[in-house]
Amino acid sequence: MTIGKMKKHKEMLLIPVLRPHLPKTYWMTKSRTLRMLKTYSSVFIKPNHGSGGNGIIRVKRLGKRYEVRSGSSLKIAKRSSILKAIRSYRKSKHRYLVQKGLRLGKYHGKIFDIRVYLQMPKHKWMISGMVARVAAPHKFVTNYQKGGHAKPLRRVLKSLFHHNQSKVDACYRKIKKLSIVIAKTVNKRHSIHELGVDIAIDKKGHIWIIEANSRPGHMLFTQLSDHTMIRTIMKNKRSIGI
Ligand SMILES: Nc1ncnc2c1ncn2[C@@H]1O[C@H](COP(=O)(O)OP(=O)(O)O)[C@@H](O)[C@H]1O
Ligand SMILES: [Mg+2]
């Protein structure tokens, strides 16, 4: 069994430097979801043990109506029937959480987020790879399994920050720092040697921690024409013994 998203979220919340970067996240209940939709224009509902972008539901306010999406299916609901629409997409045996929806930055019109791949081949966490994951057209998840593809991070940040190099560098450094803190935090309670951190940059340039995966996929990194990162990842996997 993987470590649940909520457990890791709560562990990260205990660390003051991470707190401003964690979007509000709660166990999903009817009242919590409706309350969050009063504060935020969209919320993401996800299975606590989900991966690969599976089972994610987005609810977005559109004036007096709400759009409830899962995969390529879409329903329009009144406030009183939002939960019915959500339930139609939910798998009853799974526990779900509800999270503030983030307005992800875009690259050539498509949303993107960032995957940081961390490993501990010896006694220290290191960043083996950092890449931007650009979503497939019209998708609201960026996962590789859902058609997301890798682009060099600096190129994507440059475009987001309109070629302001000092903003690009500051953002890059901050993501690196936060990722190491996240790895150390999750590693305090769980014995792990690899971690994949999903980071979002919103339209205002704020950095958000979406989640941390203790079993990250590495296929995304094979899509880059520069093979340095994937080589490092594979080399470290061999020394870790996985
Ligand atoms: N709160 C959110 N706001 C905006 N986009 C989100 C949010 N949560 C998830 N996403 C999008 O959905 C993707 C998958 O969500 P994530 O929590 O990483 O679950 P999984 O374990 O399935 O990868 C993210 O990479 C991101 O593109
Ligand atoms: Mg993820």
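Residue under question is Thr33, and the condition is that it be β-branched (Val, Ile, Thr), within 14 Å of ligand 1 (Cβ to nearest atom) and under 15 Å from Ile210 (Cα atoms); does it hold?
Working: β-branched (Val, Ile, Thr): yes; within 14 Å of ligand 1 (Cβ to nearest atom): yes; under 15 Å from Ile210 (Cα atoms): no.
Considered against the rule, which asks whether it is β-branched (Val, Ile, Thr), within 14 Å of ligand 1 (Cβ to nearest atom) and under 15 Å from Ile210 (Cα atoms), Thr33 comes out as no.
With the requirement that a residue be surrounded by fewer than 21 Cβ atoms within 10 Å (Cβ to Cβ) and not hydrophobic (A, V, I, L, M, F, W, C), what does region 122-145 give you?
Listed by number, the residues that qualify are Lys122, His123, Lys124, Pro137, His138, Lys139, Tyr144, Gln145.
If you go through region 70-84, how many residues are surrounded by 18 or more Cβ atoms within 10 Å (Cβ to Cβ) and within 16 Å of ligand 1 (Cβ to nearest atom)?
1
Could you give me the residue pairs with C-beta distances under 6 Å whose first residue belongs to region 200-215 and is acidic (Asp, Glu), whose second residue is more than 10 Å from ligand 2 (Cβ to nearest atom) wherever it lies, and which are 6+ apart or on separate chains?
Asp202/Leu102; Asp202/Arg103
Got a sec? Which of Lys151, Lys167, Lys174, Lys158 is of a type in the set (Lys, Arg), within 16 Å of ligand 1 (Cβ to nearest atom) and over 17 Å from Lys124 (Cα atoms)?
Details: Lys167 fails: within 16 Å of ligand 1 (Cβ to nearest atom); Lys174 fails: within 16 Å of ligand 1 (Cβ to nearest atom); Lys158 fails: within 16 Å of ligand 1 (Cβ to nearest atom).
Only one candidate qualifies: Lys151.
Across region 52-65, what is the total count of residues that are within 12 Å of ligand 2 (Cβ to nearest atom) and over 18 Å from Tyr26 (Cα atoms)?
3
Need at least 3 residues that are within 13 Å of ligand 2 (Cβ to nearest atom) per element, so show me which strands (runs of 3 or more DSSP E) inside region 125-242 make the cut, counting only ones lying wholly within it.
Per the criteria, 194-201, 207-213.
Can you confirm whether Ser92 is in a loop (DSSP other than H, G, I, E, B) and closer than 30 Å to Thr185 by Cα? Steps first, please.
Numbers: in a loop (DSSP other than H, G, I, E, B): yes; closer than 30 Å to Thr185 by Cα: no.
Criteria not met by Ser92.
Among the candidates Gln119, Gln99, single out the residue that is under 24 Å from Thr33 (Cα atoms), of a type in the set (S, T, N, Q) and surrounded by 16 or more Cβ atoms within 10 Å (Cβ to Cβ).
Details: Gln119 fails: under 24 Å from Thr33 (Cα atoms).
From the options Gln119, Gln99, the qualifying one is Gln99.
Values quoted throughout were computed directly from the atomic coordinates according to the rules given, and no laboratory measurement underlies them. All figures in this text were calculated on a predicted structure; none of them were measured in a lab. Positions of Cβ are generated from backbone atoms using ideal geometry, with glycine treated the same way; all protein chains shown enter the neighbour counts.
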